[in-house]
Amino acid sequence: MPESTASTASSRASPSPMLILRRSVELMKPVTWFAPSWAFLCGSIASGASQWTVTDVGRIALGTLLAGPILCGMAQVVNDYCDRDVDAINEPQRLIPSGLVSTRQVFITVGVLVVLGLGIALFLGQYVALMTAIGMVLAVIYSAGPIRAKRNGWIGNTIVAVSYEGLPWIAGHLAFAPLTFGSVLMAALFSLGAHGIMTINDFKSIEGDRISGIRSIPVLYGEIAAAWTAFVTINVAQILVVMYFLHTRNWIIASIIGALVLMQIPTQWKFFTIADPRKRAIFYNASGIAMFVWGMMAAAIGLR
């Protein structure tokens, strides 16, 4: 047997603990962790109660760990496991359908993340624990049958947007202070904007979604209509944020967020000039989302 083949067979038969850990982390998709971690940070700043102390910085660090690697990571593992049959046809090289990650490893990974998540959440407070539990339930509803909400682009994207932006923002605020109207409104509006971003992200998998019966917004309405729907949603959400700060006479924050919205328009316009749907999504993710993200931070600072 060639050496490389023997090595592969050996790694499949008895992978080392480090290899098992690496595969579990790969299933958790680290690239997805930033958004909920950032939202938790924004919520903690918006609370007005977090300070530059060792205790508060430590609580924020735990919260970002909870929102990103643990909860988002858990949701990614659940989603990949529930997609294993479809992936076995369309992407058989992925970790679960290829057999590189067993069902046992999936359940152990999810179990560890659930225990860690609830433990950290309870340490941060009972209301943070409540937001965490809601997020875990939404992760299952999104991916698993019989509901499998991801099959509908409107419902699925709403769940993801709320889980990525709204719940972490609110949890970040609750980790330090009772909720305020302004903070809840920002969490809701940036969740609305994130719904549009999720629609743009769906451009990466139009053909696969169509084949597997997932009615994403690009599949339902076509690429042009879906893009307009996404950008209108993204921009309306941010304009409403600007209007809130104008209403509260916070002119500086309103101006900053307004400028960030205007900076997104050329990127959104260029989106329509790219022929390949997947390249469209990659382009916008690389160049258009940054201004939205900085708008979140500006809004959080404006609420302090």
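The values are calculated or read from the model by the stated rules, or taken from the named source; none is laboratory data. This structure is a prediction, so every number in the text was calculated from the model and none was measured. Positions of Cβ are backbone-derived with ideal geometry, glycine not excepted, and every protein chain shown enters the neighbour counts.
Assorted remarks:
- Residue count for region 64-100, restricted to those that are without any contact (Cβ under 8 Å) to a residue 12 or more places away in the chain and either closer than 16 Å to F176 by Cα or touching a Phe, Trp or Tyr at 6+ places or on another chain (Cβ under 7 Å) (or both): 0
- Check on R278, of a type in the set (D, E, K, R) and either touching a Lys or Arg at 6+ places or on another chain (Cβ under 9 Å) or buried (at least 18 other Cβ atoms within 10 Å of the Cβ) (or both): yes
- Answer residue from region 203-231, given it is acidic (D, E) and under 19 Å from R84 (Cα atoms) and is nearest to the chain's Cα centre (by Cα) among those: D209
- Residue match in region 104-115 (condition: among the hydrophobic types (A, V, I, L, M, F, W, C), surrounded by fewer than 18 Cβ atoms within 10 Å (Cβ to Cβ) and more than 30 Å from G166 (Cα to Cα)): no
- Close pairs (8 angstrom Cβ cut-off, 6 or more residues apart or separate chains): under 12 Å from I120 (Cα atoms) in region 48-63, part of a loop (DSSP other than H, G, I, E, B) and modelled with pLDDT under 95 anywhere: R59/S50; I60/S50
- Residue tally, condition in contact with a helix residue (DSSP H, G or I) (Cβ under 7 Å, 6 or more places away or on another chain), of a type in the set (S, T, N, Q) and either surrounded by fewer than 18 Cβ atoms within 10 Å (Cβ to Cβ) or not assigned by TED's automatic domain parsing to the domain that holds V184 (or both), over region 251-267: 1
- Near pairs, Cβ below 8 angstrom, 6+ apart or cross-chain, from region 171-188 (buried (at least 24 other Cβ atoms within 10 Å of the Cβ)) to any residue that is outside any loop (DSSP other than H, G, I, E, B) and among the basic types (K, R): A175/R59
- Odd one out for E91 among (1) surrounded by 19 or more Cβ atoms within 10 Å (Cβ to Cβ); (2) closer than 27 Å to T199 by Cβ: (1)
- When residues of region 266-301 are limited to those that are β-branched (V, I, T) and not in a loop (DSSP other than H, G, I, E, B), the one modelled with the lowest pLDDT: I282
- Among residues of region 106-135 that are assigned by TED's automatic domain parsing to the domain that holds W169, those with a Cβ under 6 angstrom from a residue that is hydroxyl-bearing (S, T, Y), sequence gap 6+ or separate chain, pair up as V106/Y81; T109/S24; G117/T132; A121/T132; G135/S163.
- Filtered by the rule that a residue be within 26 Å of V57 (Cα to Cα) and outside any helix (DSSP H, G or I), region 133-174 gives no residues.
- Among the residues making up region 136-155, those that are touching a residue at least 40 places away in the same chain (Cβ under 8 Å) and under 15 Å from S212 (Cα atoms) are S143, A144, G145, R148, K150, R151, N152, G153.
- Lone qualifier among A139, A194 - being crowded, with 22+ Cβ neighbours inside 10 Å and assigned by TED's automatic domain parsing to the domain that holds P36: A139
- Whichever residue in region 42-74 is over 20 Å from I159 (Cβ atoms) and in contact with a His (Cβ under 8 Å, 6 or more places away or on another chain) and, among such residues, is surrounded by the fewest Cβ atoms within 10 Å (Cβ to Cβ): S47
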